Amino acid sequence: MNATQVTVRDVAEVGPDTIAMTLATPDGFDADPGEFVLVRATVDGEELARHYTLSSPTVDDTFEITVGIDPDGDLTPWLAEREPGDTLSVEGPFGTVTYEGDGDVVVLAGGPGVGPAVGIGERARSADHDAAIVYLDGTPAHETRLSTLSNAGASVTVANDEDSFTAAVADVADVGQVYVFGFKEFCELSLDALEAAGVDPDDALVESFG
Ligand SMILES: Cc1cc2nc3c(=O)[nH]c(=O)nc-3n(C[C@H](O)[C@H](O)[C@H](O)COP(=O)(O)OP(=O)(O)OC[C@H]3O[C@@H](n4cnc5c(N)ncnc54)[C@H](O)[C@@H]3O)c2cc1C
């Protein structure tokens, strides 16, 4: 999809410095969790473009992105001020790391990587596949959806330090196809944790947020 103005339906705080933005799905937009969109905006006269990964299990009627707000960042404080009825310029979807609901999954998430983790987990459980999420964050977001997933049979671990994250990865690494979402340092930690667990890191599907 070329750049399209999409309507903001909702902006919800889902954790410390974290928002979930629900956007109206434009005609012809089709995507699966794991894929990402490009959001463009002009903020204080500067043209900005940033990528955000889908955090909803589907894109029927609406789709969602989860944004970690960086108070020193250029775009995310502006995104946090959007309101229902505003429009955003969105292009995509992009990316090759995608979950189409076709098997058991393990999702390793750091920071805003929790967005695709809940989207993929919900998609997997709705198709009766096993889902395991290991999420590293000292100030977790999306706790309601993580707890709903846990009640629905998913394995959910929220770790607040690297050692407990690595130990939790070892417990679930062989549950299914491994996905990794987060910033570069977190992706490197995850690949090390997989290797320590005896899983080939090359088999993991990794989307680094930069
Ligand atoms: C494929 C992909 C998917 C992504 N998915 C998500 C997602 O789902 N959710 C999410 O929250 N993010 C995601 N990201 C990251 C996102 O695109 C942005 O990078 C992030 O939101 C920060 O944007 P910003 O404009 O607020 O911050 P930026 O203005 O880009 O700044 C980020 C930080 O860098 C510092 N900085 C900027 N310029 C300099 C400089 N010249 N020198 C020193 N420091 C500097 C800033 O102070 C700030 O702390 C993804 C990225 C990629 C590549």
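The values are calculated or read from the model by the stated rules, or taken from the named source; none is laboratory data. Nothing here was measured: the structure is a model prediction, and the numbers come from that model. Positions of Cβ are generated from backbone atoms using ideal geometry, with glycine treated the same way; all protein chains shown enter the neighbour counts. With ligands, DNA and RNA removed, areas are computed over all heavy atoms of the protein, side chains included. Shrake-Rupley method; radii C 1.70, N 1.55, O 1.52, S 1.80 Å.
Structure above, values below:
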{"read-out": "The range 105-208 - accessible surface per residue (Å², probe 1.4 Å)", "value": "43"}
{"read-out": "Peptide ranges 197-205, 153-161, 110-118, 80-88 listed from the most packed, as the mean C-beta count within 10 angstrom indicates", "value": "110-118, 153-161, 197-205, 80-88"}
{"read-out": "Summed side-chain charge close to residue 182 - residues other than residue 182 whose Cβ falls under 12 Å, Lys, Arg +1, Asp, Glu -1", "value": "-3"}
{"read-out": "Accessible area (Å², per residue) of the range 4-94, counting only protein heavy atoms and a probe of 1.4 Å", "value": "46"}
{"read-out": "Accessible-area composition of the chain, carbon plus sulfur, in percent [1.4 Å probe]", "value": "42"}
{"read-out": "Karplus (6.51, -1.76, 1.60) ³J(HN,Hα), θ = phi - 60°, over the range 3-18, in Hz, Gly and Pro reported as x", "value": "3, 9, 7, 10, 8, 6, 8, 7, 10, 10, 6, 10, x, x, 6, 9"}
{"read-out": "Karplus-derived 3J(HN,Hα), 6.51/-1.76/1.60, for each residue of the range 68-75, Hz, glycine and proline x", "value": "x, 7, 9, x, 9, x, 7, 9"}
{"read-out": "Per-residue SASA entry for residue 40, accessible area with 1.4 Å probe, Å² rounded to 10", "value": "110"}
